[in-house]
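Participant: After the structure tokens below, expect a handful of questions from me.
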Amino acid sequence: MKLITTLQHFLSLASLPLPLPLASAQLDKYAKLAGLSYFGTAVDNPRLYNPQYMSALQSSDEFGSLTPINAQKWKNIEPVQQVFTWAEADAIANTAKAGVGGKKTLRCHTMVWFKGLPSWVETTYSRADMEHILTAHIQNLAWHFKGRCYAWDVVNEAIDDNGVFRQSPMYKAMGIDFITFSFKTAAKADPSAKLYYNDYALESPFLSPGPKISITLAMLRTVKAQGGTVHGVGFQSHLKVGLVPPRSEMASTMQQFLEVVDEVAITELDIRHSPLKTPSTRAMWEQQARDYGEVVGACLDVNKGYGGRKCVGVTVWDFTDKYSWVPSEIPTEGEACLWDNNYVKKLAYWTVLNMFKSAAGVSKRAAVNGTDSESETAADHGVESVVTGRARPVPREEEDQGGGTRTVVATTLATAVRVG
Ligand code: XIL
């Protein structure tokens, strides 16, 4: 009886897809061969205790960079003025350092943001007091993580969807000077880190109703003219399935920024179904795969155009739907990541991997000959049929001043809701 049960169990297992071997963990490996510096993921501290999550996170060659999702935000790192709590951010930095198959790069996020502030910052300060507060905050962060951060998102989301500077406590005390001041302070405290301005809806002029891109470009020029050091711009890329700007448009926007800064990166990529329909259909996953392909393709195209590493890397804002931030912000939207809730890789994963492989010159024939089993696996998922670029309507995104969400209807364009 026991034997029959065991046999039945074995047979039922045999009909399930087998878990992929570790060798299938290759996004970072092929991103590097395709000319990027890394493929990374964001990670939040509670996940560090989930062994299944950690085995995917640490698997060799999949992720070459980590970004702390919340651990370095102001309210977590300096909850009380001049009292710094490093444990959570250190835990992520140590995870990056202990990466299986090699140390991972750390993208540090973020020093100065209008959200995630402790209550003691959320009040009115004079210019001199705010300078003092920013100096202490930025110096301590930069010094503590010195030598560990490849890049710092020094200032995050300073401009709203209408192209207006956000009324943060920093802005209220110092006007736009708080931006130059922050970049100058960071450069002095850690001259070796790449200093970034990071924001959403910079990917295309159609993603926000206002002139956000031109205002951001003008702001960056001003900061640099005033002696601030800004090395890079991060394109968050929290996007919606079916409403992703065409690859060529995103590439040309990145090029515009590269006239002002040395490098750009995709820093928080996820592409959510909006609304999320159940049951899901293959068409949904194919569209999502195409959309991921557009974003990654734009980054690769930028590098091709410059003949070098200018779009330096891609970071996803967590890799599994199990921990995506989207449903907790908008319960009707989601499934935005490359891995599903059960850590199964989606079509979008294979699309991204195959794009890196084809940019790296890895041929299908090598796969069939057995020298590159992963391409074969990707082909098994029918990915090639979904890797085709095309023009389509693009969304507008808007976020209200209070940090909530609202819907914007554009006459000729589609509708989008900003998660945030
Ligand atoms: C988000 C986190 O994912 C959430 O867990 C948190 O509650 C709010 O912040 N842009 C950013 C990120 O720069 O820091 C935000 O992360 C997502 C939008």
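The values are calculated or read from the model by the stated rules, or taken from the named source; none is laboratory data. What you see is a predicted model; the values in this text were computed from it and never measured. Neighbour counts are summed over all protein chains in view; Cβ atoms, including those assigned to glycine, are modelled from backbone coordinates with ideal geometry. These area figures cover heavy atoms from the full protein model, side chains too; ligands, DNA and RNA do not enter into them. Shrake-Rupley method; radii C 1.70, N 1.55, O 1.52, S 1.80 Å.
Participant: Using Cα centres only, tell me the gap between the stretch 273-347 and the stretch 146-160 in whole Å.
Facilitator: Centre-to-centre distance over Cα atoms comes out at 22 Å.
Participant: So what's the net charge close to residue 136: Lys and Arg +1, Asp and Glu -1, counting the other residues with Cβ under 12 Å from its Cβ? It would help to have the intermediate numbers written out before the result.
Facilitator: Working: positive: none; negative: 78, 129, 131.
Taking every other residue near residue 136 into account, the sum is -3.
Participant: Got a sec to turn the phi values of the stretch 246-255 into Karplus ³J(HN,Hα) couplings, 6.51 cos²θ - 1.76 cosθ + 1.60 with θ = phi - 60°, whole Hz, x for Gly and Pro?
Facilitator: Each residue's phi maps through the Karplus curve to give x, 3, 5, 5, 5, 5, 6, 5, 4, 4 Hz.
Participant: Given H placed 1.01 Å from N in the peptide plane, which residues other than close sequence neighbours of residue 333 have an amide H under 5 Å from its amide H?
Facilitator: 276
Participant: In the stretch 84-100, which residues have a backbone nitrogen under 20 Å from the label point lying 7 Å from residue 309's Cα in the Cα-to-Cβ direction?
Facilitator: In the stretch 84-100, the label zone of residue 309 (backbone N under 20 Å from the point 7 Å along Cα→Cβ) covers 96-100.
Participant: Further question on the same structure: I need the phi-derived Karplus couplings for the stretch 130-136: 6.51 cos²θ - 1.76 cosθ + 1.60, θ = phi - 60°, integer Hz, Gly and Pro marked x.
Facilitator: Per-residue couplings from phi come out as 5, 4, 5, 5, 5, 4, 4 Hz.
Participant: Turning to a different aspect of this structure: Which order do you get for 33, 217 if you rank them by accessible area with a 1.4 Å probe, largest at the top? Kindly include the intermediate steps, with their values, before the conclusion.
Facilitator: Details: 33 105, 217 10 Å².
From most exposed to least exposed: 33, 217.
Participant: I've got another one for you. Given 5 Å bins starting at zero, what is the percent of C-alpha pairs of the stretch 280-341 in each, up to the one with the largest pair distance?
Facilitator: Pairs per bin, as whole percents: 4, 16, 19, 21, 16, 11, 8, 3, 0.
Participant: Would you mind checking the pairs 32/357; 32/184; 32/304 and listing those with alpha carbons more than 20 angstrom apart? Please list the in-between numbers first.
Facilitator: Numbers: 32/357 10 Å; 32/184 31 Å; 32/304 14 Å.
Correct reply: 32/184.
Participant: Right, here's the next one. Can you compute the modelled spin-label distance between residue 252 and residue 135, with each label point 7 Å from Cα toward Cβ, in nm?
Facilitator: Between residue 252 and residue 135, the label points sit 4.6 nm apart.
Participant: Can you give the extra length, in nm with one decimal, that the chain gains between residue 262 and residue 283 once fully stretched, where that is 0.36 nm per residue apart less the Cα-Cα distance?
Facilitator: Values: separation 21, 0.36 × 21 = 7.56 nm, distance 3.83 nm.
That works out to 3.7 nm of additional length.
Participant: Carbon and sulfur: what percent of the stretch 55-151's accessible surface (1.4 Å probe)? Intermediate results must be reported in sequence, preceding the final value.
Facilitator: Values: 1950 of 3850 Å².
Looking at the stretch 55-151 in its full context, I get 51 percent from C and S.
Participant: Measuring with a 1.4 Å probe in the full set of protein chains, what accessible area per residue, in whole Å², belongs to the stretch 48-150?
Facilitator: On a per-residue basis, 42 Å².
Participant: Going 7 Å from the Cα of residue 162 along its beta-carbon direction, which residues of the stretch 178-222 have the amide nitrogen within less than 15 Å of the resulting point?
Facilitator: 208-212
Participant: Quick one: accessible surface of residue 229, probe radius 1.4 Å, all protein chains present, in square angstrom to the nearest 10.
Facilitator: The accessible area of residue 229 comes to roughly 50 Å².
Participant: Rank these by accessible area, largest first, 1.4 Å probe: 319, 206.
Facilitator: Largest accessible area first, the list is 206, 319.
Participant: Can you compute the radius of gyration and Dmax for the stretch 30-145, using only the Cα atoms, both in Å?
Facilitator: Calculated on Cα positions, Rg and Dmax stand at 16.3, 50 Å.
Participant: When only the heavy atoms of the protein chains count and the probe is 1.4 Å, how do 306, 49 rank by accessible area, highest first? Each step should come with its number before you reach the end.
Facilitator: Values: 306 95, 49 190 Å².
Result, largest first: 49, 306.
Participant: Net charge near residue 318, counting Lys/Arg +1 and Asp/Glu -1 over other residues with Cβ under 9 Å of its Cβ? All intermediate terms of the calculation are to be shown ahead of the outcome.
Facilitator: Working: positive: 47, 322; negative: 44, 270, 321.
My count for the surroundings of residue 318 gives -1.
Participant: If you project the alpha carbons of the stretch 23-383 onto the principal axes, what extent comes out on each, in Å, largest first?
Facilitator: 66, 41, 41
Participant: Further question on the same structure: I need the phi-derived Karplus couplings for the stretch 229-237: 6.51 cos²θ - 1.76 cosθ + 1.60, θ = phi - 60°, integer Hz, Gly and Pro marked x.
Facilitator: Rounded to whole hertz, the list is 9, 10, 8, x, 10, x, 9, 4, 6.
Participant: Something else: For residue 99, enumerate residues with amide H under 5 Å from its amide H, sequence gap 5+ or separate chain, H modeled in the peptide plane.
Facilitator: Long-range HN contacts for residue 99: 104.
Participant: If each of residue 340 and residue 50 carries a label point 7 Å out from its Cα toward its Cβ, how far apart are those two points in nm?
Facilitator: 1.6 nm
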